[in-house]
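Only one structure is covered here, and it is reproduced in the block below.
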Amino acid sequence: MIIHLPVQQKNLTRRQRGYSVAELPAVLWIILIGLLFPLIIMTSMGYRATILFFGSDSACRKAAKAPTFTDAQARATSTLTANLASFSGLSAVTPTLFVLVKPLSGGSAVTFPSKLAAGTVDTSKNIYFLLMRVDADIDPLVRFDTKWMGMAIPGLTDPYSLRLNVESYVENPNGLTE
C-alpha cells in the first residue's frame, strides 16, 4: 500500500525566480544616468559659479584700491583674468566697471558707466563704490551633442550664461575723475 502525502507547493518569490537580476541593469541605468550624472553636472556648475564669484569679488576689491578710474579698469581686467586662468569651464568672461554714487541723505543710488566729470566728487554728501558687472558662460562638465533630440538646455547641453554684480567701496574717490 502506498500512502500519498499532500505535496506543498512552494511560493516562489522574485528572488528565487531570478527576476531581480534581470531588472538590475535597468534600475542601475536609471539611478546612474538619469539621476546621478545630471546631479554631478549641476554640482560642477555650482562650483564654477562660486569660483567666478570669488574671482570677481577679488578683482573688484583690487580695482577699488586703484588711484584712478582708468587704472581701476586695467586692474579689474588683469586681476580677473589672472584669478580665473587656472580654472576651466569659464568662457566669455567680460568685466565692465561702473561708478556707483550713493547719497548719504538716503536717496537712490546713481550709476555712471565711465569716470566722473572733474569737480563732481563730494565726499561729504556721497559714498562712492565701484560696481563690476561680469558676464560669463559656465560650461557644463560634459557637453552633449546639441542635436540630440533637438534640445538645447543651458547648463546641460549648452553653456549657462551668468551675470554677476559685485561692488566695493572706493578708497580714493577723488581719483574717479581721472
Rounded to whole Hz, the Karplus (6.51, -1.76, 1.60) HN-Hα couplings of the range 36-42, x for glycine and proline:
6, 5, x, 5, 5, 5, 5
When the charge dipole of the range 14-177 is computed with +1 at the Cβ of Lys and Arg and -1 at the Cβ of Asp and Glu, the Cα pointing farthest to the positive end, of Tyr160, Val134, Ile40, is that of Ile40
Whether the range 73-120 is rounded, prolate or oblate, judged on the alpha carbon gyration tensor where a/c under 1.5 counts as rounded
prolate
Under a plain spin-label model, where a point goes 7 Å from the Cα along Cα-to-Cβ, how far apart in nm are Ser124 and Val27?
7.8 nm
Between Phe98 and Ala74, what length comes free when the chain is fully extended (0.36 nm per residue of separation minus the Cα-Cα distance, one decimal in nm)?
7.3 nm
With +1 on each Lys and Arg Cβ and -1 on each Asp and Glu Cβ, how big is the dipole of the range 14-177 about its Cα centre, in debye rounded to the nearest 20?
360 debye
Please give the FRET efficiency for Ser58 paired with Ser105, using the beta carbon to beta carbon distance and R0 = 45 Å, rounded to the nearest 0.05.
0.90
Would you please state which residues of the range 65-80 a label at Tyr169 would reach in this model, taking the label point 7 Å out along Cα→Cβ and a backbone N cut-off of under 20 Å?
65-69, 72
The range 23-37 versus the range 55-100: alpha-carbon centroid distance in Å
43 Å
Under the Karplus curve 6.51 cos²θ - 1.76 cosθ + 1.60, θ = phi - 60°, whole-Hz ³J(HN,Hα) for the range 156-173, x wherever Gly or Pro sits
10, 10, 10, x, 9, 7, 10, 10, 10, 10, 10, 10, 8, 5, 7, 7, 10, x
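Given axes a ≥ b ≥ c from the Cα gyration tensor, I'd like to know whether the range 14-177 is rounded (a/c under 1.5), prolate (a/b larger than b/c) or oblate.
Prolate.
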Lys and Arg at +1, Asp and Glu at -1: neighbours of Lys62 with Cβ under 15 Å from its Cβ sum to -1
Counting Lys +1, Arg +1, Asp -1, Glu -1, what net charge surrounds Thr96 among other residues with beta carbon under 13 Å of its beta carbon?
0
Spelling out what I want: for every residue of the range 51-59, take phi, set θ = phi - 60°, compute 6.51 cos²θ - 1.76 cosθ + 1.60 (Karplus), and round to whole Hz; glycine and proline get x.
4, 4, 4, 5, x, 5, 4, 5, 5
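We did not get these values from a lab; they are worked out from the coordinates using the rules stated. Keep in mind the model is a prediction, meaning the values are calculated, not measured. Every residue, glycine among them, receives a Cβ derived from its backbone with ideal geometry; neighbour counts consider all protein chains shown.
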